[in-house]
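**Q** Following this message is one structure expressed as C-alpha cells.
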Amino acid sequence: MTHFTGKVAVVTGAGSGIGRALSVELARRGAKLAICDVDTVGLAETEALVKAEGADVKADHLDVSQRELVLAYADGVAAHYGKVNLVFNNAGIAFTGNIEEMSFKDIDRVMDVDFWGVVSGTKAFLPHLVESGDGHIINISSIFGLFSVPTQGAYNAAKFAVRGFTEALRMEMILNKRPVKVTCVHPGGIKTNIAKKQEQVEGVDHDQLAKQFDKLARMSPAKAANIILKGVEKNKARVLIGADAWVLDKFVRLTGPRYARGVAAFSKRNGL
Ligand code: NAD
C-alpha cells in the first residue's frame, strides 16, 4: 500500500516531461489515472507506459485553455471512475521575448494555458474533490512564479498568478474545513521538451534558446515527479524542485527587490 493506492489521479499535459513522469510514478504507486494532453501522440506513449505498470488509465485529448471542455472533462472523469482524488494541473507552455515586442496574442496564449488552464482545472474538479472526502489539488507554477526574469514577462505573470490563486485556495480549504489539500509546485530547470517546443518573438534564435535551456536544466522529469509526490504525501504548501530553485528562492528573499539586478546580470551573461 502507498499513499496513492486506489486513488484516482488526473494529470494534465501528460504527454511529455513532468506530466508523463508523474503519470508513470503514480501508476507505479497504485493510482488509477486520467491523463490528458493536446498532443495525442505523446499522450498515447504515456498511456502505454502507464498500462505497462498495470494501472487503469483513461486517456483523453484536452486543451486546458478551453474552459467548457475542461468542465465536461472533469464530469467525464468523475463518471468514469466514480470519484476523483488528485488533480495535477501541469499542462504548460513557454514563450520568450521582451514585453515591448510581444503581441497581446502572445501574452493571451501563455495566460490561457498556464494560468486559465490551471483555474479551469481547479474549478472544474473542486466539487468532485470535495465529494471524494479525500482530495488534493497540485498546481504546477515555476521558480519563475517566485521571481521574474527578463524575456519571460508573460510566463512570469502566469506563474505568479498560479501561485497567488493556489495559496489562497489552500487557506480557504483549511478555513472552510473542506477535505481538499492544496500544493503549489515550483520547479527549477527540469530536462523536458518545454524549451524546444516554445515560441518566441521574431529575431530570437529558437535553437540557441533551447541549447541554453538544456545547459541549465539538469534534473530528470522522473526525479522531479518523485519530489512532487513526496511533497503531496506530506501535504506541503510549497514544493521547490532542484538546487537552483532552493538557492534562487533564498537569494530573492534575502535581497528583496534588489534581486532584479543579479538576475538581469545572470540573464545577460547567459544569453537568455
Ligand atoms: P513539456 O513541454 O515537456 O510538457 C508539457 C505538456 O503540456 C506537453 O505534453 C504539451 O503538449 C502539454 N500542453 C501544452 N499546452 C496544452 C494545452 N493547452 N492543453 C493540454 N496540454 C497542453 O514541459 P514540462 O517541462 O514537462 O512542463 C510541465 C509543467 O512544468 C509546465 O506547467 C511548465 O511551465 C512547468 N515547469 C517546467 C519547468 C522545466 O524546467 N521544465 C520549470 C518550471 C515549471
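**Q** I'm trying to understand the selection: among the residues of the stretch 87-119, which are more than 16 Å from the ligand (Cβ to nearest atom) and aliphatic (A, V, I, L, M)?
**A** ILE99, MET102
**Q** Also, quick follow-up: Those residues that are more than 14 Å from the ligand (Cβ to nearest atom) and either part of a helix (DSSP H, G or I) or modelled with pLDDT under 95 (or both), I need them from the stretch 120-143; list them, please.
**A** LYS123, PHE125, LEU126, PRO127, HIS128, LEU129, VAL130, GLU131, SER132
**Q** Go through the stretch 84-93 and report how many residues are part of a loop (DSSP other than H, G, I, E, B) and buried (at least 21 other Cβ atoms within 10 Å of the Cβ). Outline the logic, then answer.
**A** Narrowing the stretch 84-93 to residues part of a loop (DSSP other than H, G, I, E, B): 84-85, 90-93.
From the residues that got through so far, the ones that are buried (at least 21 other Cβ atoms within 10 Å of the Cβ) too are 84-85, 90-92.
The number of residues fulfilling the criteria is 5.
**Q** Checking VAL41 against (1) more than 13 Å from the ligand (Cβ to nearest atom); (2) assigned to a helix (DSSP H, G or I): exactly one of these is not met. Which one?
**A** Here VAL41 clears every test but (1).
**Q** Could I ask something else about it? Quick check on my filter: what residues within the stretch 64-102 are of a type in the set (D, E, K, R), touching a Lys or Arg at 6+ places or on another chain (Cβ under 9 Å) and closer than 29 Å to GLY30 by Cα? Spell out how you get there, then give the answer.
**A** Taking the stretch 64-102 first, the residues of a type in the set (D, E, K, R) are 67-68, 75, 83, 100-101.
Then keep just the ones that are touching a Lys or Arg at 6+ places or on another chain (Cβ under 9 Å); that gives 67, 83.
The one that is of a type in the set (D, E, K, R), touching a Lys or Arg at 6+ places or on another chain (Cβ under 9 Å) and closer than 29 Å to GLY30 by Cα: LYS83.
**Q** Of the residues LYS196, LYS250, only one is surrounded by fewer than 17 Cβ atoms within 10 Å (Cβ to Cβ) and either modelled with pLDDT of 95 or more or of a type in the set (Ser, Thr, Tyr) (or both); which? Explain how you work it out, then say what you get.
**A** Numbers: LYS196 fails: either modelled with pLDDT of 95 or more or of a type in the set (Ser, Thr, Tyr) (or both).
Matching residue, one of LYS196, LYS250: LYS250.
**Q** Between residues in the stretch 86-108 that are more than 21 Å from LYS230 (Cβ to Cβ) and residues that are within 14 Å of the ligand (Cβ to nearest atom) and of a type in the set (Phe, Trp, Tyr), which pairs lie under 7 Å by C-beta distance while being six or more apart or on different chains?
**A** Correct list of pairs: ALA94/TYR155; PHE95/TYR155; ASP106/PHE95.
**Q** Continuing with this model, one more query. When you scan the stretch 221-272 for helices (runs of 4 or more DSSP H) that lie fully inside it, which ones turn up with 1 or more residues that are touching a helix residue (DSSP H, G or I) at 6+ places or on another chain (Cβ under 9 Å) and within 24 Å of SER16 (Cα to Cα)?
**A** Values: elements: 221-233, 243-255, 259-269.
The qualifying helices (runs of 4 or more DSSP H) are 221-233, 243-255.
Here's the yes/no breakdown for (1) out of contact with any His (no Cβ under 6 Å at 6 or more places or on another chain); (2) within 25 Å of LYS223 (Cβ to Cβ); (3) away from the ligand (no atom under 16 Å from the Cβ):
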{"site": "THR151", "(1), (2), (3)": "yes, no, no"}
{"site": "GLU172", "(1), (2), (3)": "yes, no, yes"}
{"site": "LYS181", "(1), (2), (3)": "no, yes, yes"}
{"site": "ILE194", "(1), (2), (3)": "yes, yes, no"}
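**Q** Being buried (at least 20 other Cβ atoms within 10 Å of the Cβ), among the charged types (D, E, K, R) and either assigned to a helix (DSSP H, G or I) or in contact with a Pro (Cβ under 6 Å, 6 or more places away or on another chain) (or both) is true for just one of ASP114, ASP106. Which residue is that? Write out each step before concluding.
**A** Details: ASP106 fails: buried (at least 20 other Cβ atoms within 10 Å of the Cβ).
Residue meeting the stated conditions: ASP114.
**Q** Do we find that ASP244 is in contact (Cβ under 8 Å) with a residue 60 or more places away in the chain, on the phi < 0 side of the Ramachandran plot, touching a Gly at 6+ places or on another chain (Cβ under 7 Å) and within 16 Å of the ligand (Cβ to nearest atom) in this structure?
**A** Working: in contact (Cβ under 8 Å) with a residue 60 or more places away in the chain: yes; on the phi < 0 side of the Ramachandran plot: yes; touching a Gly at 6+ places or on another chain (Cβ under 7 Å): yes; within 16 Å of the ligand (Cβ to nearest atom): yes.
Taking the combined requirement at face value, the residue satisfies it.
**Q** Right, another one. Pull up the stretch 46-58, narrow it to residues that are part of a helix (DSSP H, G or I) and exposed (fewer than 14 other Cβ atoms within 10 Å of the Cβ), then point me to the one that is nearest to the ligand (Cβ to nearest atom).
**A** Initial filter on the stretch 46-58 (part of a helix (DSSP H, G or I)): 46-52.
If we keep only those that are exposed (fewer than 14 other Cβ atoms within 10 Å of the Cβ) too, we end up with 48, 52.
Values: ALA48: 15, ALA52: 19 Å.
Here the residue is ALA48.
**Q** Return the only residue of PHE213, PHE160 being in a helix (DSSP H, G or I), within 13 Å of the chain's Cα centre (by Cα) and free of Cβ contacts under 8 Å to residues at least 40 places away in the same chain. Step through it out loud before you land on a result.
**A** On the way: PHE213 fails: within 13 Å of the chain's Cα centre (by Cα).
Checking each option against the conditions leaves just PHE160.
**Q** Taking the stretch 18-32, which residues are more than 15 Å from the ligand (Cβ to nearest atom), free of Cβ contacts under 8 Å to residues at least 40 places away in the same chain and in contact with a helix residue (DSSP H, G or I) (Cβ under 7 Å, 6 or more places away or on another chain)?
**A** Answer for the stretch 18-32, where residues must be more than 15 Å from the ligand (Cβ to nearest atom), free of Cβ contacts under 8 Å to residues at least 40 places away in the same chain and in contact with a helix residue (DSSP H, G or I) (Cβ under 7 Å, 6 or more places away or on another chain): just ALA27.
The values are calculated or read from the model by the stated rules, or taken from the named source; none is laboratory data. Since we're looking at a predicted model, the values are computed, not measured. Note that each Cβ is placed from the backbone with ideal geometry, even for glycine, and that neighbours are counted across all protein chains shown.
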